[in-house]
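Down below is the structure, laid out as C-alpha cells.
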Amino acid sequence: MLPLPEFELGAWNAWLLMGPSLLLMLFSVRLFGEKRAPAASMRLSKTKLSFCLVSKFIYFAAVIYSVFLPLKLNTMWFYAGLPIALVGLVGSGMTTLSWVKTPAGEVVTRGIYRFSRHPMYVTEVLLLLGVSVASASWFFLLSPIIVGVGAVYFIRIEEVQCLGHYGAAYREYMDRTPRWIGIPKSEKRE
C-alpha cells in the first residue's frame, strides 16, 4: 500500500465496484422516499450532525475518486478485497430488494433485514472496505472508517424515527434483530 493516494484514469479501476453501488443508492433514494418514516424530534449536537453529513459526503466523494483509483489486479490485495466488496455489493442489492417487497407502512423485516436492523450501513461499509483492500489504498480506507462512524449517529436518528412511526411493531423487531449483524433471536411462543 502506498502512502500517497494513486490517481489515474483507467478501465480497471474501483469504479467497477462503486458504480453499481451508486446506481443502487440512487434507486433506493426514490424508493425510500415513498416508504420513509416521518421525521422524529431527535436533536443532535452540531458536531454529531456535521459528522453525519460529512460521512454522507465522503461516500459520494469515494464514488468519484473510484474512477481514478486502480484496482491491484493479480495481487493478494485484489483477491482479498474483491470478495469483501462483492459481499457488500450483493448485500446492498438484497437490502433494496427487501424494501421493494415490503408494503408501504410496514416495518421492513424480510430478507437481509432478518439479520440486521441496518444492513444498508453494514453493506456500504463492507463495500468501501473491500474496495480499499482491492486497490491497496490507505487513503481510500478512510472512507469506510468515516462512513461507519457516521452510521452510528444516523442509526440513532433512524431508530427514534421508526419507533415513533411504527411503535410496538418496531420495538418487537428491535428486540429480536441485532442492530448491526447476527443471528436473529427466536420469536417468543405463547
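The values are calculated or read from the model by the stated rules, or taken from the named source; none is laboratory data. Keep in mind it's a predicted model, so treat the numbers as computed, not measured. Heads up, the Cβs are rebuilt from the backbone with ideal geometry, glycines too, and the neighbour counts pull from every protein chain shown. Each accessible area value is taken on the protein alone, full model and side chains, heavy atoms only, with ligands, DNA and RNA left out. Shrake-Rupley method; radii C 1.70, N 1.55, O 1.52, S 1.80 Å.
Structure values in brief
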| item | result |
| --- | --- |
| Hey, MET120 in a helix (DSSP H, G or I), over 30 Å from GLU6 (Cβ atoms) and touching a residue at least 24 places away in the same chain (Cβ under 8 Å) or not | no |
| Single unsatisfied condition, VAL131 versus (1) modelled with pLDDT of 90 or more; (2) surrounded by fewer than 17 Cβ atoms within 10 Å (Cβ to Cβ); (3) in a helix (DSSP H, G or I) | (2) |
| One residue from GLY150, GLY105 being in a loop (DSSP other than H, G, I, E, B), modelled with pLDDT under 90, open to solvent by less than 70 Å² (accessible area, probe 1.4 Å) and out of contact with any Lys or Arg (no Cβ under 6 Å at 6 or more places or on another chain) | GLY105 |
| Segment 153-169 residues that are closer than 12 Å to VAL107 by Cα, paired with ones that are assigned to a helix (DSSP H, G or I) and at pLDDT 90 or above (beta carbon under 6 Å, 6 or more apart) | CYS162/TYR170; LEU163/TYR170 |
| Given (1) open to solvent by 100 Å² or more (accessible area, probe 1.4 Å); (2) out of contact with any Ser or Thr (no Cβ under 9 Å at 6 or more places or on another chain); (3) modelled with pLDDT of 70 or more, number of the condition SER41 does not satisfy | (3) |
| Test set (1) open to solvent by 30 Å² or more (accessible area, probe 1.4 Å); (2) at pLDDT below 90; (3) within 16 Å of SER55 (Cβ to Cβ) - TRP138 fails condition number | (3) |
| Number of the condition not met by TRP99 [criteria: (1) part of a helix (DSSP H, G or I); (2) buried (at least 22 other Cβ atoms within 10 Å of the Cβ)] | (2) |
| Selection within segment 11-30 - within 18 Å of TRP77 (Cβ to Cβ) and either free of Cβ contacts under 8 Å to residues at least 24 places away in the same chain or exposed (fewer than 14 other Cβ atoms within 10 Å of the Cβ) (or both) | TRP12 |
| In segment 46-71, residue modelled with the highest pLDDT [restricted to those that are open to solvent by 50 Å² or more (accessible area, probe 1.4 Å) and not hydrophobic (A, V, I, L, M, F, W, C)] | LYS56 |
| Residue, modelled with the lowest pLDDT, within segment 12-38, restricted to residues that are under 20 Å from TYR121 (Cβ atoms) and among the aromatic types (Phe, Trp, Tyr) | PHE32 |
| Condition met for TYR173 (farther than 15 Å from ALA14 by Cα, modelled with pLDDT under 90, open to solvent by less than 60 Å² (accessible area, probe 1.4 Å) and not acidic (Asp, Glu)) | no |
